[in-house]
Structure formats: structure tokens, C-alpha cells
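Read-outs throughout are calculated quantities, based only on the coordinates presented, and are distinct from any laboratory measurement. Just so we're clear, the structure is a prediction, and the values are computed from it rather than from any experiment. Counting neighbours? That spans all protein chains shown, and the Cβs are built from the backbone with ideal geometry, glycine included.
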Amino acid sequence: MVGQSCRLLKKSSNIITRNIAGETLLVPISGNLADMKSLFSLNEVGEFIWSQLDQFITEDEIAQRVVNAFNASEEEAKKDTADFCARLIDMNLIESESNNGPITP
């Protein structure tokens, strides 16, 4: 079983998801407008991870769900989930919080 992490993650409220021609895109919203220069495309695993982020969840919980959904090794799922979530945090697409409050990337 994948160990529990203290870092909680959740989708940013400033992002909309669109499925265009079978491709899932994350579109940042700035003010009332979509920032079409900053689209983020998701593959199948990325789309699965994104779907897990509706409410706060730990990276380790997501990784365990990736293991179950894609029959991946725990080590690979944990590393890939951490890398992917780090990219999303860097791009302000998800929020990160610890038990002590928000974490700045």
C-alpha cells in the first residue's frame, strides 16, 4: 500500500475543463476570460488524476487509485503522480494545502 502524504491537493477554481475532439484540455480563467495561450492537454492517466482532484486528496491516495485503475506498480504510480501534480502546482492549476494551511509552490 502506498504511504499517506500530508500534502492535500485540489483543482483550482480558476480552471475549466473542456473535451475537444476527444482531447481533454485544462483552460485557465483570468478575470472573466479564458487564457487560450495557456492550454494544458491531458493524456489518459492525466485525465484520471485530474478527475480525482474535485475535493482535497493526498498524492499518495491518488497514486494508489492509479495503481488500481491502470495496474501500474506502486513505485511508478507514486513517482508519476508526484511529478504530474508538481507540474500542475507550478502552473497554478491545482491548489496545495497541508494540515497547517496553504503551501506555496
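Some notes on this structure:
- Taking Lys and Arg as +1 and Asp and Glu as -1, the other residues whose beta-carbon sits under 14 Å from that of Thr24 total -1.
- Cβ-based net charge around Glu97, under 13 Å, with every Lys or Arg adding one and every Asp or Glu removing one: +1
- Long-range HN-HN contacts of Ser96 with modeled amide H, under 5 Å: Ile103
- Base-10 log of normalised Debye intensity for the stretch 8-93 (one unit scatterer per alpha-carbon) at q = 0.11, 0.15, 0.19, 0.23 Å⁻¹: -0.30, -0.54, -0.84, -1.15
- Phi angles of the stretch 62-75 translate, via the Karplus equation with coefficients 6.51, -1.76, 1.60 and θ = phi - 60°, into HN-Hα couplings of 4, 4, 5, 5, 5, 4, 5, 6, 10, 6, 8, 6, 4, 4 Hz per residue; Gly and Pro are given as x.
- Between Arg18 and Glu47, the modelled labels are 1.6 nm apart [label points 7 Å from Cα along Cα→Cβ].
- Asn92-Asn71 FRET efficiency (beta carbon distance; Förster radius 35 Å; 0.05 resolution): 0.65
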